[in-house]
Structure formats: structure tokens, C-alpha cells
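Student: Quick one: the structure is below, questions incoming.
The values are calculated or read from the model by the stated rules, or taken from the named source; none is laboratory data. Predicted, not measured: the structure shown is a model, and the values here were computed from it. Quick reminder, even Gly has a Cβ in these numbers, built from the backbone with ideal geometry, and neighbours come from all protein chains shown. For the accessible areas, the whole protein counts, side chains as well, though only heavy atoms, and no ligand, DNA or RNA atoms are used. Shrake-Rupley method; radii C 1.70, N 1.55, O 1.52, S 1.80 Å.
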Amino acid sequence: MVRRGGRARLMYIPKRYDEKDREKVHAFLRENSFAILVSVLDGLPVGTHIPLLLEQDDQGRDILVGHIARGNEQKRTFVDGTKVLAIFPGPHAYVSPRWYTQINVPTWNYMAVHVYGTLTVIEGTELRAALSRLVDNYEQHLPRPVHIEEIGEKQVATEMRGIVGFRIVIDEIQAAYKLSQNRDEQSYHEVIRQLEDGDQAAKAVAAEMEARGPGLFSSEKEPGK
């Protein structure tokens with residue numbers, strides 16, 4: 001699910017930048033899984049930077065699974081049923097007005113996804129299984145992947161006492177892909193060309209724009225957005 005009908009648009013997304021393709025958004029969450037988990041503690045927002053794995057539970061619901069250090073005060077917000085926000089930043093890049101057919105204002109192209117959900121604390125065998133999947137996920141592309149069984153049960157048990165695990169049942173996903181969709185075709189391709197000469201993040205933005213190709217351009221301008 002990308003958005004439930006009737007819900008407020010909690011993330012500001014102009015219509016042309018609103019990505020609704022569920023498979024594309026899920027791929028984004030997997031590729032950019034180091035997220036920021038936000039909850040509210042004593043009336044103030046608190047956040048932790050952690051990997052969050054997109055999975056499905058035994059009821060077929062989309063979920064995120066992760067853990068934080070037990071010494072992290074954010075754990076105090078982890079009460080079953082707590083509503084949380086997970087922010088998944090993606091590649092982003094500055095766009096100069098010099099790259100347009102007609103100079104306008106500078107802006108920023110980016111991809112970002114907000115996930116809203118309901119948290120439940122996990123412990124024991126469920127937590128250990130989640131840690132095993134986490135290790136497998138990030139080790140799988142390495143030449144000699146490590147499996148949790150190689151670490152040793154005693155050490156794993158010790159580490160588990162120092163963390164608080166959780167799963168988040170996803171209620172809503174809102175995705176913003178701001179990729180110069182409001183520019184004419186010539187400007188669009190010039191932005192791609194310029195970004196291809198930039199850093200890795202800029203190249204990633206250019207690649208996404210290139211993959212989308214022509215036919216996405218709007219004659220309606222939205223200066224500065």
C-alpha cells in the first residue's frame with residue numbers, strides 16, 4: 001500500500017512529484033534501507049538512524065523490522081501500538097538555473113519516502129530471527145558472507161540483551177520523487193547531462209531521470225518547486 005484514501009497528506013508532495021508505483025517504492029525502501037526512525041518522547045520528536053528491513057508478516061502485511069540500543073532513550077516511546085514515522089532519504093542533487101532553456105530559480109532534485117506505521121516490540125526467538133535476516137541481507141553480496149550462526153550463541157545472546165527489537169506494521173507510505181518533471185524536455189535532458197558529471201548522489205538522480213525518459217514533461221511551470 002502506498003496511500004490509504006481519506007488520510008491527510010502528512011508529507012508535502014506536489015502532485016507531479018507523487019510516486020504511487022508500489023513496486024518502485026518498495027524497491028527504493030530496500031535500496032535505501034538506512035532510515036531515520038522518529039517517535040515522540042515527552043512531547044518532543046526523537047529520531048535514530050538505523051537500518052530497517054522491509055518484509056511481510058504471516059498475515060501478508062508489509063512491515064519494517066529493526067532494533068535500537070537499549071541505552072537509547074527513544075526506547076521509552078516503544079509501547080505496543082505506538083505510531084511512528086520512518087524517513088528513508090534517497091539520492092539528491094542541486095540543480096542550477098543555468099541548466100534550463102530559460103533561467104528560473106535554483107532548486108534541488110531528490111527522492112525521499114516517509115513510512116507511517118504502528119510499532120510492536122519483539123523479543124526472544126522473534127528478535128533473534130530478525131537479527132539473522134538482517135545479517136544475511138547485508139552480507140549476501142560479499143564474497144564470504146557471514147551468517148549469525150558463525151558469531152556464536154553466547155555472543156549473540158549478550159548482544160541481544162543490549163538492544164530493543166521491534167516491527168512496524170505499515171499504515172501508509174508517501175513518496176516524493178522530485179526530478180524536474182516541471183521542466184521542458186530540453187531542460188530536462190540538460191539537467192541529466194550536468195548531473196552525470198557530479199558526485200555519486202547526483203549521478204544516481206541523473207540515472208533515475210534517464211530511466212523515466214521523455215513523455216513526462218508538463219507545460220505547466222511550478223517555479224522554485
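Student: Per the Kirkwood treatment, what hydrodynamic radius in Å, one decimal, follows for segment 1-159 from the mean inverse distance over all distinct Cα pairs? Intermediate values should be presented prior to the final figure.
Tutor: Values: mean 1/r = 0.0545 Å⁻¹.
With all distinct Cα pairs of segment 1-159 included, I get 18.4 Å.
Student: Follow-up. Roughly how many Å² of L41 are accessible to a 1.4 Å probe, to the nearest 10?
Tutor: The value for L41 is about 30 Å².
Student: Which FRET efficiency value, to the nearest 0.05, do you get for R161 and V79 by plugging their Cβ-Cβ distance into 1/(1 + (r/R0)^6) with R0 = 25 Å? Working shown, then result.
Tutor: Values: r = 20 Å, r/R0 = 0.81.
Here the calculated transfer efficiency is 0.80.
Student: In addition: Could you let me know the centre-to-centre spacing of segment 179-208 and segment 18-37, using Cα atoms, in angstrom?
Tutor: Cα centroid of segment 179-208 versus Cα centroid of segment 18-37: 20 Å apart.
Student: For H49 and R193, what does the FRET efficiency come to when R0 = 30 Å and r is the distance between their Cβ atoms, rounded to the nearest 0.05? Don't skip to the end; give the middle numbers.
Tutor: Values: r = 33 Å, r/R0 = 1.10.
Given R0 = 30 Å and the Cβ-Cβ separation, E is 0.35.
Student: Label A69 and D42 with points 7 Å out from Cα along Cα→Cβ: what is the distance between them in nm?
Tutor: According to this spin-label approximation, the distance is 1.9 nm.
Student: Next up: Given the rule -39500 (n - 2.57) for each run of at least 4 DSSP H residues, summed and divided by the residues of the chain, what is its mean residue ellipticity at 222 nm, to the nearest 500 deg cm²/dmol? Please report the intermediate quantities before stating the final value.
Tutor: Details: 5 runs with 58 residues, N = 225.
The helix-only estimate for the chain comes to -8000 deg cm²/dmol at 222 nm.
Student: Along the charge dipole of the chain, Cβ charges K/R +1 and D/E -1, which of I192, A157, G60 sits furthest on the positive end?
Tutor: So the residue we want is I192.
Student: Could you rank K20, K15 by how accessible they are, 1.4 Å probe, largest area first?
Tutor: On the way: K20 125, K15 170 Å².
Result, largest first: K15, K20.
Student: In addition: Pairs to check: K15/K83; K24/K178; K83/K178; K15/K178. Give those whose C-alpha atoms are more than 21 Å from each other in this structure.
Tutor: Details: K15/K83 26 Å; K24/K178 14 Å; K83/K178 27 Å; K15/K178 10 Å.
Listed pairs above 21 Å: K15/K83; K83/K178.
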